[in-house]
Every structure is written in structure tokens, then in C-alpha cells.
Amino acid sequence: MFALHPLHVESVAWVAERKDVLSTAFWLATMWAYGRWVREQSAGRYALMLVFFAAGLMSKPMLVSLPLVLLLIDFWPLERLGQGRMRALILEKVPLFVLAAASGAVTFLVQRAGGAVGTLEKYPLWARAGNAVVAYVKYLKIFFWPVDLAVLYPHTPGTSLSLGEVLRAGVLLVALTVGVVALRRRAPYLFVGWFWLVVTLLPVIGLVQVGFQAMADRYTYVPFIGLFVAVAWGVPALAGRRRSQLVRAAALAVLVAAALAATAQARLWKNTETLFVHALATTRNNFVVENNFGDYLSNADRAADALPHISEALRMRPDSFEANVNMGRSLVALGRLDDSIPYFSRAARIDPHSSVALNNLARAKFLQGEVAEAIPLYEAAVAAAPALAEPRRWLAIADLMVGRTPAALSQLERAVELEPSSPEWRRLLEGVRALERSPGDPAAVELRGRLAAEHRNAAAALQRRGKSDEARIHLQKALELAGP
């Protein structure tokens, strides 16, 4: 079941989730080392367990719950949880708890610094707690009936969850918990399997919201092991010996069905388009997928196809920096420069220190023929990201077009320092130097031709917008650069 369950496709098919497979290998290695240490306690065996555990934490912090799972297997199947032994069992795992706490703290700080941890205002506690309760039940549902799976299930606090839905899910969770506790002596595998699921999902259930997802298929890679254990031991025990053939046939049927479903799910990971189209068909109000799919289509020279998806993303989050930038870029690709300006301007207001927004706004102005207006925007983009060479290139070209050769030379020299392997930066720099030194130099002639073309483009853009006087100025400069 672990190998064939459709929810495990994401962890295997998505290269970014290679850490799931790696960390789970270390998880299981830690359990194996713990079993060896229990049979024969020695410093070497304990150290081996710590090494595996530390390697797993460095692969993915999901292993923070492993010390608690070791306490569960102390209960069953190791049967170490005798009278008054709990304190000793906890103390022997203190080094594991310390490593887990350190990993959890570092992960939280890094995620918060990167903006992935949702704020209390954005995801209030009641919304996160309600989502967590409902998510547990949804995970149970897709364990038994894995349909309508998606690469991202959107988190929409305050809009998608009703109080009744949360209460029904809560009652079911309490009933299951009470049931497995009552059966812990007769069916310890149910107790261990259930609490394995509950404990291992805690770091990713959304009480501390990381990212935009309400839940995720990849989060089940380790937690579902508990349910696999409960089913693998529970079904034969329930059926009894007289029904062993029926159980085997049913198990085979389940595995075949899981394999077919997993094969179909794996096909969705063929490319970005198949994955995102399916996600949009199976979820609602999915801002992240709408926006990212639009960005993908725009980058694939399908800007017209991208507009509906980015528009839908903006409908859901009109103040999204990324969606406004993506809309502006798509409109530029379609030649709708005037329409793109408001989106780039809004993105720049949302994040005034973003080089991305400023550079795109400057580029749109430049393509409109407003070269003088583009220069201060390019300068602001350079100031916002001084380590980027790209804005400096266009700032240098704009400077040359308005006669600011020393300023252009300074920008190109810095661009070459930042990207010494770029032939384009070097060719432009050589052209500027040659222009000052020897106008007849081939590099200078090439640069004059480039600038003349830029002036002609600016003139054409201005002419289309009814600015004939400004267009004539650029045409005159183009003629001067072209020579007799």
C-alpha cells in the first residue's frame, strides 16, 4: 500500500519532493537502528540511530515527530511500555527531542523570514484550527477514496469552512480516538496506527500555517504508514482464519486498484499544463495555480491563453504583487503597452522596493517611446537590486539615447563586473568606448546601428499614440546615427 497509494505519487514524481523520499528512508533507517539498540543497548548503536535521525532532519524537518512515534512503537510491537517505565522511555530519547526541537525552530525561522509562514491576521487561530480538524478527516477520506487529487488545495480561511463542517469532523475524530484507546489492549495496531497518523501530521496540519495550501498529498508520505499498519493488521484480525482466502483476494483487488489509480495520477505530472489543468478542474478559488499557470502560459508565448487565468487570480487577490506583474508582462507580450502600465504601477505600489516591478514598468515606458520617463524608473530598479545586471543594460541604452554617455559607460562597466561571462555586456561596453575613441571602429558602428533601431522603434510607438512631434525627434536622432 505504501508503494502503490495514489497520494504518494506527488512525493515521487515531483523532483522538488525528492526530500520526501530521502527523509523517509532516513526515518525508516532510524526506526531500524532503534530496534537494534532496544535489543542490545550500546553507545555505538545509539550513535548510529542519532546519525540517521540527524540526516533525516537535514533532508526534511518532517522527522520532528519521529521521537513520539518511537514511543508509540515502544507500546506496540516492542511492548516496552511496562509499569512506571514511561519516564525512562522519554529520558532515553532526550537527545532525539533536542535535535527535533532545534530543527523545528530553525525551519520556522527560515520559513518566516522567507514569508511562507502565514500571519495571525491572515490566518486567524480559529481558521487554522478549523482547517486542521477538517483536514484530518479529508486525509482519511482520500486514504480510502483517492479521487480529485491536486497539486495544491487552496487555503481559504473564513470562506470555505462552516461551523457545522468543523463540528462534524471534530466529533468523528473524537469518536475514532476514543475507539482506538478503548481497543488498545485487544488491537494495539489500531492504537499505534491512528496516533501515528495524528502525531506525524501535526507539523503540517496547518496550526502553524506555512504556504497557501490547506493540505497536500506529499504530507501523507509518512503519516499514511500508520493507516497502512492499522489496515494490514486489522483486516486479517477482523476476518479471522476461516476467511483468509477472501482477505487475500480483497487485498489483491485493492492493490490492483491502487496501482491503476497511481498510474493515472502519475500521468498528470507529464508537464506543467496537464498538472495545472487538472488542479483547476478539481479545486475552487485556487489563486496560486491560476496565477502560476498564467505565468507558465505567458512564458510559453501563449499570452492570450494566460490572460483569463491571471485575471481570475486578480479577481481573488487584486493586491497580489505576482499576479499584477504577470498580467503586465502578458499584456506587453500582446503589444498592449498602455494596458500593462496600470498593473506594473500597482505592483510597484504594493512593493515600492521591488526591482522586478520597477524594471518592468520602465521597460513598458521605454517600449512606448517614453525613454526619458523610463530612465528614473530604471535607476530605481538598479538601486533596488544593485547586484542585477539586466536593469543596468537597458538603463545604459536609454542613457545613450538621450546623450548621457558617461552614465551609460558607468552602468555597463558595473554590468560586466557582475556578469563577466556575458558577451552582450562586453559588446555594448566595447561599443561605447569605441564611440568615444574612434567613431569608425566596427564596434562603434554596430552600437550606432543598435541605437538607431531603438530610436526608430520609439518613434513608431510615439506615432501610434499620436505624439508626432516627439516621434520626429527620435527619427532625427536615428538619421544622425545612421550617417550619410
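Each value in this text was obtained by applying a stated rule to the coordinates, not by laboratory testing. It should be emphasised that the depicted structure is a prediction, and the values quoted were computed from it without experimental measurement. Neighbour counts are summed over all protein chains in view; Cβ atoms, including those assigned to glycine, are modelled from backbone coordinates with ideal geometry.
How large is the charge dipole for the chain, taken about the Cα centre, if only the Cβ atoms of Lys, Arg (+1) and Asp, Glu (-1) carry charge, to the nearest 20 debye? Provide the component values of the computation, followed by the final result.
Working: 52 positive and 39 negative charges, 428 e Å.
With only Lys, Arg, Asp and Glu charged at Cβ, the dipole is about 2060 debye.
What does the charge count near LEU197 come to, summing +1 for each Lys or Arg and -1 for each Asp or Glu among other residues with Cβ under 14 Å from its Cβ?
+2
Hey, any idea what the orientation-averaged projected area of the convex hull of segment 190-322's Cα atoms comes to, in nm²?
Numbers: hull surface 42.6 nm².
Averaged projected area of segment 190-322's Cα convex hull equals 10.7 nm².
Treat each spin label as a single point 7 Å out from the Cα along the C-beta direction, and report the LYS138 to ALA47 distance in nm.
4.6
How charged is the neighbourhood of LEU297? Take every other residue with its Cβ under 12 Å from the Cβ of LEU297, and add Lys/Arg as +1 and Asp/Glu as -1.
Details: positive: ARG302, ARG329; negative: GLU273, GLU290, ASP295, ASP301, ASP305.
Computed value for this residue: -3.
For the chain, what is one quarter of the convex hull surface built on the Cα atoms, given in nm²? Provide the component values of the computation, followed by the final result.
Working: hull surface 119.9 nm².
Over every viewing direction, the Cα hull of the chain projects on average to 30.0 nm².
Can you tell me how much longer the chain between ASP319 and MET58 gets when fully stretched, taken as 0.36 nm per residue apart minus their C-alpha distance, in nm with one decimal?
On the way: separation 261, 0.36 × 261 = 93.96 nm, distance 3.56 nm.
Computed gain between ASP319 and MET58 is 90.4 nm.
Tilt of helix 244-267 relative to the longest C-alpha principal axis of the chain, in degrees (0 to 90, nearest 10)?
It works out to around 10 degrees.
About its Cα centre, what dipole magnitude does segment 286-336 give when the only charges are +1 on Lys and Arg Cβ and -1 on Asp and Glu Cβ, stated in debye to the nearest 20? Show your work: numbers first, answer last.
On the way: 5 positive and 7 negative charges, 27 e Å.
That gives segment 286-336 a dipole magnitude of about 120 debye.
So what is the 222 nm mean residue ellipticity for the chain from helices alone, if each DSSP H run of at least 4 adds -39500 (n - 2.57) and you divide by all residues, rounding to the nearest 500 deg cm²/dmol? Walk me through the intermediate numbers first.
Numbers: 23 runs with 345 residues, N = 484.
Computed mean residue ellipticity for the chain: -23500 deg cm²/dmol.
If you take the charge dipole of the chain about its Cα centre, with +1 on Lys and Arg Cβ and -1 on Asp and Glu Cβ, which of MET49, ALA251, ALA29 is farthest toward its positive end?
The residue sitting most towards the positive pole is ALA251.
Ratio of alpha-carbon Rg to the 2.2 N^0.38 Å globular estimate for segment 1-157, to two decimals, please.
1.21
Using only the alpha carbons of segment 407-477, determine the length spanned along each of the three principal axes and report them from longest to shortest in whole angstroms.
Principal extents (Cα only, largest first): 41, 27, 19 Å.
Please give the helix 423-437 orientation as an angle from the longest Cα principal axis of the chain, in degrees from 0 to 90, rounded to the nearest 10.
Between the helix axis and the principal axis of the chain, the angle is about 20 degrees.
What per residue convex hull volume, in Å³, comes out for segment 135-258 when only alpha-carbon positions are used?
On the way: hull volume 14.6 nm³, N = 124.
Looking at segment 135-258, the number lands at 118 Å³ per residue.
Quick one: which residues, 5+ away or cross-chain, put their amide H under 5 Å from the amide H of ALA214? H built at 1.01 Å from N.
TYR153, HIS155
So how much slack lies between ARG336 and ASP301, counting 0.36 nm per residue of separation and subtracting their Cα-Cα distance, in nm?
Details: separation 35, 0.36 × 35 = 12.60 nm, distance 1.47 nm.
Fully extending the segment from ARG336 to ASP301 adds 11.1 nm.
Please name which of ALA478, ALA396, LEU428 has its Cα lying farthest along the dipole of segment 352-484 towards the positive end, using unit charges on Cβ (Lys, Arg +1; Asp, Glu -1) and the Cα centre as origin.
ALA478
For VAL98 and THR177 in the same chain, what is the full-extension length gain: residue separation times 0.36 nm, less their Cα-Cα distance, in nm? Could you put the intermediate results ahead of the total?
Working: separation 79, 0.36 × 79 = 28.44 nm, distance 2.81 nm.
Length gained, VAL98 through THR177: 25.6 nm.
Given segment 6-274, report the % of alpha carbon pairs whose separation exceeds 27 Å.
Details: 16340 of 36046 pairs.
Result for the distance tail: 45 percent.
As I understand it, the value is the acute angle between the Cα axis of helix 163-182 and the longest principal axis of the Cα atoms of the chain; what does it come to in degrees, rounded to 10?
40
Counting other Cβ atoms within 10 Å, keep those with at most 13, restrict to DSSP loop, and tell me which GluC sites (Glu not before Pro) in segment 10-112 are left. Write down the numbers at each step before the final one.
Numbers: sites: GLU10, GLU17, GLU40, GLU79, GLU92; in loops: GLU40, GLU79, GLU92.
Answer in residue order: GLU40, GLU79.
Just to compare against my own numbers: the Cα pair-distance distribution for segment 352-484, 5 Å bins, whole % per bin, please.
All Cα pairs considered, the percentages come to 2, 12, 20, 21, 21, 14, 8, 2, 0, 0.
What is the magnitude of the charge dipole of segment 1-41 about its Cα centre, with +1 placed on the Cβ of each Lys and Arg, -1 on the Cβ of each Asp and Glu, and no other charges, expressed in debye to the nearest 20? Let's see the in-between values first.
Values: 4 positive and 4 negative charges, 33 e Å.
The calculated dipole for segment 1-41 is roughly 160 debye.
Which listed residue (ALA385, ALA364, LEU412) has the Cα farthest towards the positive end of the charge dipole for segment 352-484, taking +1 on Lys and Arg C-beta and -1 on Asp and Glu C-beta about the Cα centre?
Result: ALA364, furthest along the dipole toward the positive end.
Identify all lysines with a Cα-Cα distance to LYS270 below 29 Å; exclude those on the same chain that are fewer than 8 residues away in sequence.
LYS19, LYS60, LYS138, LYS141
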